[in-house]
């Protein structure tokens, strides 16, 4: 499997954990004290890092730092939008499209030859 695909898959899985660690407590632990939410989020974030660190190490074999970062940002948006819509029940906004187009532009400029 090509390195960029391995990297993208690991970063995608990492982003799922990251998104739940960062925002899931707003729904699930809204009435809990902040420190309870923080400890639970840190526990979830452990799994994020167990995937994110190998993803970046694998990706760094062929991608430069800027490419890794922009790949991460593009994946973050593709994970966050369904999370916001489906899990957090947020309304669909046209702003998600504009943000995606901006990220797509960043991907183009960072990855062009």
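Multiplying the residue separation of residue 97 and residue 31 by 0.36 nm and subtracting their alpha-carbon distance yields 20.5 nm. To the nearest 10 degrees, how steeply does helix 65-82 sit against the main Cα axis of the chain, on a 0 to 90 scale? Around 40 degrees separate the two axes.
Based on DSSP H runs of at least 4 residues, each adding -39500 (n - 2.57), what is the mean residue ellipticity at 222 nm of the chain after dividing by all its residues, to the nearest 500 deg cm²/dmol? If you can, show how the numbers build up before the last one.
Values: 5 runs with 83 residues, N = 113.
Calculated mean residue ellipticity at 222 nm is -24500 deg cm²/dmol.
Taking the Kirkwood radius as Rh and the Cα radius of gyration as Rg, the chain has a ratio of Rg/Rh equal to 1.02.
Counting beta carbons within 10 Å around each of 5, 16 and listing the fewest first gives the order 5, 16.
Determine which residues of the range 1-30 fall in the zone a paramagnetic label at residue 113 would reach in this model, i.e. backbone nitrogen under 17 Å from the point 7 Å along Cα→Cβ. Nothing falls inside the zone, counting backbone N under 17 Å.
Test of understanding: ordering 9, 46 by Cβ neighbours within 10 Å, fewest first, what list do you get? Provide the component values of the computation, followed by the final result.
Values: 9 15, 46 11.
The order, fewest Cβ neighbours first, is 46, 9.
Once the Cα atoms are used to define both axes, helix 3-19 deviates from the longest principal axis of the chain by about 20 degrees.
Where a number appears in this text, it was derived from the coordinates with a stated rule and is not lab data. None of these values were measured; they are calculated from a predicted model. Heads up, the Cβs are rebuilt from the backbone with ideal geometry, glycines too, and the neighbour counts pull from every protein chain shown.
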